[in-house]
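Down below is the structure, laid out as structure tokens.
The values are calculated or read from the model by the stated rules, or taken from the named source; none is laboratory data. Nothing here was measured: the structure is a model prediction, and the numbers come from that model. We place every Cβ from the backbone using ideal geometry, glycine too, and count neighbours over all the protein chains shown. With ligands, DNA and RNA removed, areas are computed over all heavy atoms of the protein, side chains included. Shrake-Rupley method; radii C 1.70, N 1.55, O 1.52, S 1.80 Å.
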Amino acid sequence: MTSDARCDDPVAAVAGGLRPLGWGAPMNAASLQRVLDGLAPPGVVVGHRVISAGDEAALLPPEVASMRSSLPVRRRASGAARFVARQLLSGLGYPSCAIPTGADGAPQWPEGIVGSLAHDDDVAVAAVALARDVAALGIDVEPAEPLPEEMLDLVVTKQERRQLGNDPLTARTLFAAKEAVYKAAYPGDRIFLEFHDIEVDLIEGRAKTKSDRVFTLRYCAAPRIVVLAFA
Ligand SMILES: CC(C)(COP(=O)(O)OP(=O)(O)OC[C@H]1O[C@@H](n2cnc3c(N)ncnc32)[C@H](O)[C@@H]1OP(=O)(O)O)[C@@H](O)C(=O)NCCC(=O)NCCS
């Protein structure tokens, strides 16, 4: 297949002048990337970018047209995530693909690709794979900080509470795992999930949704909480 056949809407290369990964950022981007590479199962590629001023310029016209939020900070994060995703897609033989947002908020990947995007205030991440290798893929990134106390009951089920122990980051890792699972599950079944609709077992590296879909989890807590969910 030619590369043009792989994208519905082949587009010109992203705007130039974007800063290289992690430039001037208060985080060791190389160490985060090493951790992410270690998380990725065979067939999945994961990347990140420290969100930088001007990253909104990485958005391609079909992406801008599809986005509901016009908030500059949100567009910057979405641009950074797509910058990363395009680099990963190029490596899989899908250069210059637009990744617009669907009406439900889910990213629309080129045919033959599964993927997921996430961003916190500082970092954007993307994970992609060929659909023939991986059925479903979700990612989330969170700062390595405890979950606010008032969110605990909303996020953590009675069964999951046994996992909390003394590590202050476990509850936030559960939160990230559920968001990653939701992003992996939604494109296939279009079912809205609450936090308690997903049971996570961090020790086993497994999650199950209320509709009995099972996902494998891989995660890290430093220098960022990042969770990958896949099936
Ligand atoms: C999907 C969702 C969890 C993302 O969380 P968030 O804190 O807004 O933001 P994140 O940075 O983690 O992820 C944002 C990315 O998620 C992706 N996303 C949004 N809706 C999605 C969906 N329905 N399916 C898959 N991915 C989706 C998008 O790529 C988005 O980035 P973009 O706008 O730049 O394209 C949230 O938008 C949502 O829809 N929540 C409702 C369901 C829910 O929260 N249930 C409880 C947890 S299971």
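Odds and ends about this structure:
- Of all residues in region 200-226 being small (Gly, Ala, Ser) and assigned to a loop (DSSP other than H, G, I, E, B), the one that is nearest to the ligand (Cβ to nearest atom): SER211
- The numbered conditions (1) at pLDDT below 95; (2) crowded, with 21+ Cβ neighbours inside 10 Å are all true for VAL125 except (1).
- ALA98 vs. criteria in contact (Cβ under 8 Å) with a residue 40 or more places away in the chain and part of a loop (DSSP other than H, G, I, E, B): yes
- Within region 146-184, considering residues that are under 21 Å from the mean Cα position of the chain (by Cα) and basic (Lys, Arg), the one nearest to ALA222 (Cα to Cα): ARG172
- Conditions (1) open to solvent by less than 30 Å² (accessible area, probe 1.4 Å); (2) of a type in the set (A, V, I, L, M); (3) without any contact (Cβ under 8 Å) to a residue 60 or more places away in the chain: number failed by ALA118: (3)
- Where VAL64 falls short, out of the listed (1) more than 13 Å from the ligand (Cβ to nearest atom); (2) farther than 24 Å from CYS220 by Cα: (1)
- Among the residues of region 179-199, not a single one is more than 9 Å from the ligand (Cβ to nearest atom), buried (at least 21 other Cβ atoms within 10 Å of the Cβ) and under 17 Å from ILE225 (Cβ atoms).
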